[in-house]
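A short write-up of the structure that comes next.
The values are calculated or read from the model by the stated rules, or taken from the named source; none is laboratory data. Quantities reported herein were computed from a predicted structural model and do not represent experimental measurements. Ideal geometry is used to build each Cβ from the backbone, glycine not excepted, and the neighbour counts take in all protein chains shown. To get the accessible areas, we keep the full protein, side chains included, count just its heavy atoms, and leave off ligands, DNA and RNA. Shrake-Rupley method; radii C 1.70, N 1.55, O 1.52, S 1.80 Å.
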Amino acid sequence: MVARTNDEEPQSERGRRPDAGECGVAAGAGAPDPSGGTASAAGDTDERVAALRRVSAHGRHWRRAQIAGCVVLLAVALTGASIAVGNTRADDGRTLATTGSGVSPAALLGGGDLDAAVSGLQTHLRAQPRDFGAWAALGLGYVEQARVDGDPSRYPQADKALDRSLGLRPRNDQALAGRAALAAARHDFTGALDHADRALEENPYNERALCSRIDALLELGRYEQAARAARTADARRPGIPVFTRYAYVRELRGDVGTARRVLEQALDAAATPADTAYVATALGQLAWNQGDHASALRHYARALAADDGYLPALEGRARAQAAGGDRAGAVRGMEAVVARAPLPGALVALGELYEAGGERAKARAQYALVHAWTALARASGVNADLDTALAAADHGGAKLALKAARAEWDRRRTVHTADALAWALHVNGRHEEALPYARRATATGYRNAAFLYHRGMIELATGRAQQARASLTTALKLNPGFSPLGAREARTALKSLEAAG
């Protein structure tokens, strides 16, 4: 169990991813074919979407997940979640059955390669189409494939598989937990919380549901409830998926020391290459946020020694290389990342690296792919407003950014949505209206240089020179390489303030 701080007593109760089709072969008339299909929901006539698909397909065979132990841990969230599939405990310690056929999802997914695991489940389900647990595991596998491939069009396949599982065994906790994971992947965090709660009514020890509940509460901005949920999950199912979430809860509250200590304990307990890569990357991201780029690079190196294709570590290493002045290495690294998974964060980061180096045409091409991804995501049921707001605000879509940020703020009120709305209002010239949101984004103690930079620029625009100087100075002191373009603008603004006296 994680070490607790003095203000936290144990509680007794209790996430950077995104082909659909229906055939009915072997699954019964009108039921989904386990192998699924590929449907271009966004429309193949959209050249940007077609380009995105080509980029994603280019690296399709690179993907693999390290799956070991008595459960299968598959990383899933914008935030680094993980799916746990396997036996769970009842309140009296008995083992709960996991499939209708006696074949556990862990066994069906075992073998190490995600695509092979999904293919194995498809083959199994053609022979045993009434195995509700295997359908649930397949749904979770599709969610993971969407995350790894950066292709949200796979989510409808997950929908069909999970529906099939619930049709065979209503209220089975595996499928309900899968529904929670799918809803979270689509950024429907209210739905994710509802499905997680329903899964936990059936099985209070379902690790996937416990973790999804924490994720949903965090993404809804309900931080105190998320902290209680993390303590509950730690009491019921202590392990790496819970430890990493506990650490993030502490980081959001400004307690970086506890977050680091919990992650270090989790890394010491890592028993598989997948666990090592996952936790070492979380430590790298924590170090990066504090501007400790040398430590971040060490953590990413450890993650990549465990799994040399782990995308979050590759992306984090590229960001740290850029901050350390190795722009060429950062570009090569980020190009490799987007070739495999063209997701908004990496696309924008690569575009800004190009732009900082004067390669504006290349930068524009990356920003255009962000719009392609969001079009594809929306067509597959994903709420992409936060991604849209963040990308559009900095790259020429001020009105679009504000519309998207307002929509996201209406759905969930987190530090991230507050920051996005503040910045969108600012780039639309509504500086005084933006300031309360910028202050709210930095109110929890979360140490984020980009948030401080945004606040400082908004304070500067409202004539609060002294406050702007403090915010911008703190941003650069915290993480001087937080953004190739943002850090440069922060330094320029500080120079202008110094010149003005």
For segment 146-247, dividing by residue count, accessible area per residue (probe 1.4 Å) in Å² works out to 27
For segment 156-301, the percent of accessible surface on carbon and sulfur atoms (probe 1.4 angstrom, ligands and nucleic acids excluded) is 45
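Once the piece of chain linking residue 488 and residue 413 is laid out straight, how much longer is it, given 0.36 nm per residue of separation minus the C-alpha distance between them?
24.1 nm
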Dimensionless Rg/Rh of segment 370-454, both radii on Cα and Rh by Kirkwood, sits at 0.98
Ranked output for segments 326-332, 156-162 by mean other Cβ atoms within 10 Å, highest leading, reads 156-162, 326-332
If every Lys and Arg gets +1 and every Asp and Glu gets -1 at its Cβ, then about the Cα centre segment 142-210 yields a dipole, in debye to the nearest 20, of 200
Phi-derived 3J(HN,Hα) across segment 246-262 with the Karplus relation (6.51, -1.76, 1.60, θ = phi - 60°), rounded Hz, x for Gly and Pro, is 4, 4, 5, 4, 5, 4, 4, 8, x, 8, 5, x, 5, 4, 5, 5, 5
Computed D for segment 190-268, Stokes-Einstein, Kirkwood radius over alpha-carbon pairs, 10 °C, 1.306 mPa s, to the nearest µm² per second, is 128
Taking Rh as the Kirkwood radius computed over alpha-carbon pairs of segment 136-266 and applying Stokes-Einstein at 4 °C with viscosity 1.567 mPa s, one gets a diffusion coefficient in µm² s⁻¹ of 87
Taking the alpha-carbon centre of each part, the distance from segment 469-500 to segment 114-171 in Å is 48
Karplus-derived 3J(HN,Hα) from phi for segment 351-366 (6.51 cos²θ - 1.76 cosθ + 1.60, θ = phi - 60°), whole Hz, x at Gly and Pro, runs x, 6, 5, 4, 5, 5, x, x, 8, 5, 5, 5, 4, 4, 5, 5
For segment 444-501, the Debye formula with one identical point scatterer on each Cα and no solvent gives log10 I(q)/I(0) at q = 0.30 Å⁻¹ as -1.27
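Taking the highest mean first, how do the peptides 375-382, 386-393 order by number of other beta carbon atoms within 10 angstrom per residue?
So the order, starting with the most tightly packed, is 386-393, 375-382.
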Shape call for segment 211-362, from the Cα gyration tensor axes a ≥ b ≥ c (a/c under 1.5 means rounded, otherwise prolate when a/b beats b/c, else oblate), comes out prolate
Here segment 405-420 yields Karplus 3J(HN,Hα) values (6.51, -1.76, 1.60; θ = phi - 60°; whole Hz; Gly and Pro given as x) of 5, 4, 4, 5, 4, 5, 8, 7, 10, 10, 5, 6, 6, 4, 5, 5
Descending packing, highest mean Cβ count within 10 Å first, for 213-221, 334-342 is 213-221, 334-342
